[in-house]
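Attaching a single structure in structure tokens format; questions to follow.
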Amino acid sequence: MSLYLPVINAFNREKVVYVVVGGLAVLLHGHTCLTNDVDMVVGLDEANASKAVEIVSKLGYLPRLPVDPKGFADAPQRALWIKDHELILFSFYNKDNPLLALNFYAEYPVEFDGLLSRSVNKDLGGIPVRICSLEDLITMKKMAGGADDAEDIRMLEIINADIL
């Protein structure tokens with residue numbers, strides 16, 4: 001996951017409001033799992049979303065959809081993508097390494113202020129990474145309901161019980 005450090009470092013430096021969720025959050029909470037992307041909930045206000053898109057674009061990431069990525073920062077445009085294409089995640093891939101993928105939630109999967117206030121900083125290669133709380137991660141995994149999510153939920157609940 002150190003391949004994503006340039007993005008996280010740039011987000012921290014430029015004060016992008018974000019919370020990492022998904023597989024990277026699972027890993028940083030202590031359960032080993034396979035993941036091939038980084039899922040993020042970024043603040044969807046226009047200024048923050050614009051800054052996030054600008055940063056990933058400068059770092060060589062392109063949208064998987066054939067659209068201008070700047071549209072992600074425009075709430076009406078995002079709403080159309082959600083309605084017309086059932087968009088949940090706005091995905092980017094790295095033009096120099098297509099295996100590197102970033103996903104931004106097109107709308108908040110849970111109430112954002114709470115997600116942000118409950119999030120924690122974890123260290124990844126000497127860089128702080130804002131990740132969602134164990135409780136929020138478990139909630140989001142339950143909402144996703146995928147086959148891989150069931151095992152992650154089981155292990156995260158064990159980790160959570162050990163912490164309490």
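The values are calculated or read from the model by the stated rules, or taken from the named source; none is laboratory data. A quick note: this is a predicted structure, and the numbers were derived from the prediction, not measured. Positions of Cβ are generated from backbone atoms using ideal geometry, with glycine treated the same way; all protein chains shown enter the neighbour counts. Quick note on the areas: whole protein, heavy atoms, side chains included, nothing else; ligands and nucleic acids left out. Shrake-Rupley method; radii C 1.70, N 1.55, O 1.52, S 1.80 Å.
So residue 62 fits all but one of (1) more than 18 Å from the chain's Cα centre (by Cα); (2) at pLDDT 95 or above; (3) not in a helix (DSSP H, G or I); what number is the exception?
Failed condition: (1).
With the requirement that a residue be part of a loop (DSSP other than H, G, I, E, B) and at pLDDT 95 or above, what does region 89-109 give you? Step through it out loud before you land on a result.
So the first thing to find is which residues in region 89-109 are part of a loop (DSSP other than H, G, I, E, B), and the list is 95-96, 106-109.
Across region 89-109, the qualifying residues are 106, 107, 108.
With the requirement that a residue be of a type in the set (D, E, K, R) and over 12 Å from the mean Cα position of the chain (by Cα), what does region 102-142 give you? Can you show your working first?
First pass over region 102-142, keeping only residues of a type in the set (D, E, K, R): 107, 111, 113, 118, 122-123, 130, 135-136, 141-142.
111, 113, 118, 122, 123, 135, 136, 141, 142, listed by residue number.
Which of the residues belonging to region 119-137 are in a helix (DSSP H, G or I) and buried (at least 20 other Cβ atoms within 10 Å of the Cβ)?
Within region 119-137, 134, 136, 137 meet the criteria.
Also, I was wondering about something else. Mind telling me which of the residues 96, 84, 74, 113 ends up being open to solvent by 20 Å² or more (accessible area, probe 1.4 Å), among the charged types (D, E, K, R), without any contact (Cβ under 8 Å) to a residue 40 or more places away in the chain and closer than 13 Å to residue 18 by Cα? Explain how you work it out, then say what you get.
Numbers: 96 fails: closer than 13 Å to residue 18 by Cα; 84 fails: closer than 13 Å to residue 18 by Cα; 74 fails: closer than 13 Å to residue 18 by Cα.
Among 96, 84, 74, 113, only 113 is open to solvent by 20 Å² or more (accessible area, probe 1.4 Å), among the charged types (D, E, K, R), without any contact (Cβ under 8 Å) to a residue 40 or more places away in the chain and closer than 13 Å to residue 18 by Cα.
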